[in-house]
Amino acid sequence: ANYYFLFSTRKQAPVSCSAYTTKSPKMSQPDLDFMAPEIQASSACSAQSDMFSFGLLICSIFNNGRSPIQANLSTTTYTKQLELVSR
């Protein structure tokens, strides 16, 4: 039996999670430089958002520790940087 195929086709419901906001202390916020877009847009986490963040982490390892997204704790900068990454 091909168990990998069975696992990869199973849909999992997104889980509610916190997006970045300036209303909470910075230490309790997620890192915008490694956050998947759906987390910031709809506060929904999934295995896909984990893989997106993991991909950014791998890119930063091969980029001298710098993520492809450099948001500097700003949601506006995050959105602009995300548009560049998608291209």
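The values are calculated or read from the model by the stated rules, or taken from the named source; none is laboratory data. This is a predicted model, so every value here is computed, not measured. In this analysis, Cβ positions are derived from the backbone assuming ideal geometry, glycine residues included, and neighbour counts consider all displayed protein chains. The accessibility values were calculated without ligands, DNA or RNA, using every heavy atom of the protein model including side chains. Shrake-Rupley method; radii C 1.70, N 1.55, O 1.52, S 1.80 Å.
For Ser53, indicate whether it is under 24 Å from Ala13 (Cα atoms), of a type outside the set (A, V, I, L, M, F, W, C) and open to solvent by less than 70 Å² (accessible area, probe 1.4 Å).
Values: under 24 Å from Ala13 (Cα atoms): yes; of a type outside the set (A, V, I, L, M, F, W, C): yes; open to solvent by less than 70 Å² (accessible area, probe 1.4 Å): yes.
Judged against the criteria, Ser53 is a match.
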Completion exercise
Within region 59-87, the residues that are open to solvent by less than 70 Å² (accessible area, probe 1.4 Å), assigned to a helix (DSSP H, G or I) and among the hydrophobic types (A, V, I, L, M, F, W, C) are Cys59, Leu82, Val85
Completion exercise
Cys45 fails exactly one of (1) within 21 Å of Cys17 (Cα to Cα); (2) over 13 Å from the mean Cα position of the chain (by Cα), namely (2)
Handout entry: Subset tally (residues that are in a helix (DSSP H, G or I) and touching a strand residue (DSSP E or B) at 6+ places or on another chain (Cβ under 7 Å)) for region 26-58
Key = 2
Fill in the blank from the handout: Those residues of region 20-41 that are without any contact (Cβ under 8 Å) to a residue 12 or more places away in the chain, loosely packed, with under 10 Cβ neighbours inside 10 Å and not polar (S, T, N, Q) come to a total of 3
